[in-house]
Amino acid sequence: MDFLSSLVQEAITILYNISASFGFANYGFAIILLTVIVKMATYPLTKKQIQSMKAMQRLQPKMKAIQEKYKGDKMKANEALAQLYKSEGVNPLAGCLPLLIQMPILIGIFYGIRDFQYAGSPLFMGLDISRSLSEFMSAGGPEMYAYAVLPVLSALTTFLQSKMTMPDTSTTQNQVMLYGMPLFIGYISISFPTGLVLYWVVMNIMQIGQQLFMERGQKK
């Protein structure tokens, strides 16, 4: 993982130097650009993962019916589910491989941005992206509210992204995930460097945009 995080830090430095060559040296811009590049490069994996998730959601009523029918016979239930997957052309594990491929990339970006050492000014839109909201909470004042914007956006965009991929919120488990995960992300964002929270917000916005693009294509 050290290799990936070092690679991420080198990429941020390169993108920062590119922005500097255009007279706009800014690490926040470099992080945004890196996030866009990574999300575009991994779009085929994201598409495959979302398609698999949607297919499994579509089969949920039939799966529940099978589980109820063979409630006391796990072997027959598994056989019926396997037949259902085959007849519908759905692989229940198809969404796992894209996620497994993306996870090391996401973790590398997380550590790379979190531990990045800024050689130039870390200011982005008036915020020091090397610092976190928690550093300002004890003092209070207008600075605290400015640094609170991105953690709030991290929770909000996480909620919107989860809502799009999880339309069925009838189960308690899905409700906990839908509302609990954004709150958790917002909470931990308080102690993360603002640059890392910026990455998370941009990544969520890109994810939402890609899902809207996919859904539009499916409707056409």
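The values are calculated or read from the model by the stated rules, or taken from the named source; none is laboratory data. Because the structure is a prediction, the values reported are computed rather than measured. Glycine gets a Cβ as well: all are built from the backbone with ideal geometry, and neighbour counts include every protein chain shown. What goes into the accessible areas is simple: the full protein's heavy atoms, side chains included, and nothing from ligands, DNA or RNA. Shrake-Rupley method; radii C 1.70, N 1.55, O 1.52, S 1.80 Å.
For the range 31-48, indicate whether the set of residues that are among the hydroxyl-bearing types (Ser, Thr, Tyr) and either farther than 30 Å from Glu215 by Cα or open to solvent by 50 Å² or more (accessible area, probe 1.4 Å) (or both) is non-empty. Scanning the range 31-48, I find no residue that is among the hydroxyl-bearing types (Ser, Thr, Tyr) and either farther than 30 Å from Glu215 by Cα or open to solvent by 50 Å² or more (accessible area, probe 1.4 Å) (or both), so the answer is no. Of the helices (runs of 4 or more DSSP H) entirely within the range 1-112, those holding at least 3 residues that are in contact with a Leu (Cβ under 8 Å, 6 or more places away or on another chain), touching a residue at least 12 places away in the same chain (Cβ under 8 Å) and closer than 30 Å to Leu123 by Cα occupy 2-21, 27-41. Scanning the range 122-161 for residues that are more than 25 Å from Gln210 (Cβ to Cβ) and among the polar types (S, T, N, Q), we see that the one that is surrounded by the fewest Cβ atoms within 10 Å (Cβ to Cβ) is Ser138. Hey, any hits in the range 196-206 for a residue that's open to solvent by less than 20 Å² (accessible area, probe 1.4 Å) and aromatic (Phe, Trp, Tyr)? Yes, there is a match, as at least one residue in the range 196-206 is open to solvent by less than 20 Å² (accessible area, probe 1.4 Å) and aromatic (Phe, Trp, Tyr). Taking (1) assigned to a helix (DSSP H, G or I); (2) among the polar types (S, T, N, Q); (3) at pLDDT 85 or above in turn, Ser130 satisfies each apart from (1).
Every test in (1) open to solvent by 20 Å² or more (accessible area, probe 1.4 Å); (2) of a type in the set (Val, Ile, Thr); (3) at pLDDT 90 or above is passed by Ile113 save one, and that test is (1). Cβ separations smaller than 8 Å between residues 6+ apart or across chains give no pair from the range 127-148 residues that are closer than 17 Å to Leu196 by Cβ to residues that are of a type outside the set (Asp, Glu) and at pLDDT below 85.
Taken as a whole, the condition of being more than 12 Å from the chain's Cα centre (by Cα) and not charged (D, E, K, R) applies to Leu127. Here the range 162-192 is the region considered, the condition is being of a type outside the set (Val, Ile, Thr) and assigned to a loop (DSSP other than H, G, I, E, B), and the residue that is surrounded by the most Cβ atoms within 10 Å (Cβ to Cβ) is Phe192. Kindly indicate whether Ile18 is of a type in the set (A, V, I, L, M) and closer than 28 Å to Asp115 by Cβ. Considered against the rule, which asks whether it is of a type in the set (A, V, I, L, M) and closer than 28 Å to Asp115 by Cβ, Ile18 comes out as yes.
For the range 21-30, residues that are within 14 Å of Ala119 (Cβ to Cβ) and buried (at least 17 other Cβ atoms within 10 Å of the Cβ) total 3. If you go through the range 39-59 and keep only what is among the β-branched types (Val, Ile, Thr) and modelled with pLDDT of 85 or more, you end up with just Thr42.
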